[in-house]
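Remarks on the structure that follows.
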Amino acid sequence: ETVDPDATPLLPGAAGHRLIGTRDRALETVSPLALWAALLLGLGSQPSHRFPRAADLPALDKAAHALLYAPLGFLGARAFGGSVVLGVAACVACGALDEWNQRTVPGRAADWRDVAAGAAGGTLGGWILVRTRRRRARSRD
């Protein structure tokens, strides 16, 4: 990865820093992360009558959380320079905020197991990013 010397750093002395980088790099990596998180929070703000009853399908509910949070883990790890840990942290933060918000949504309830399922999905997404990058690096060699 090359650093554009003419790009404006987000912080003084931050040019080339993998976690911060330039404004262009931040927009390229953080924007998809923020948009996906907003989509998840928007879905979590919908009343329960718009979704199948989770009590009838508890395993499907957790699988849905994992599948929806996998892209967030992928995008989070990508935004944070390939750090799966920070990608999963983004999933946990988004999931916790979503569950906290759901306490006020009609027919919805907060469930820590949904946060755990989202973290598992985020881990999968981060792992996919790491595997993809390793394969690309090997193919270039």
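Considering segment 17-40, and only residues there that are open to solvent by less than 40 Å² (accessible area, probe 1.4 Å) and farther than 21 Å from Ala96 by Cα, the residue that is modelled with the lowest pLDDT turns out to be Gly21.
For segment 41-56, the candidate set comprises residues that are assigned to a helix (DSSP H, G or I) and either open to solvent by less than 50 Å² (accessible area, probe 1.4 Å) or closer than 18 Å to Val115 by Cβ (or both); within that set, the residue that is modelled with the lowest pLDDT is Ser48.
The values are calculated or read from the model by the stated rules, or taken from the named source; none is laboratory data. Quick caveat: nothing in here was measured; it's all calculated off a predicted structure. Every residue, glycine as well, gets a Cβ built from its backbone with ideal geometry; the counts of neighbours run over all protein chains shown. All accessible areas refer to the heavy atoms of the entire protein, side chains included, with ligands and DNA or RNA removed. Shrake-Rupley method; radii C 1.70, N 1.55, O 1.52, S 1.80 Å.
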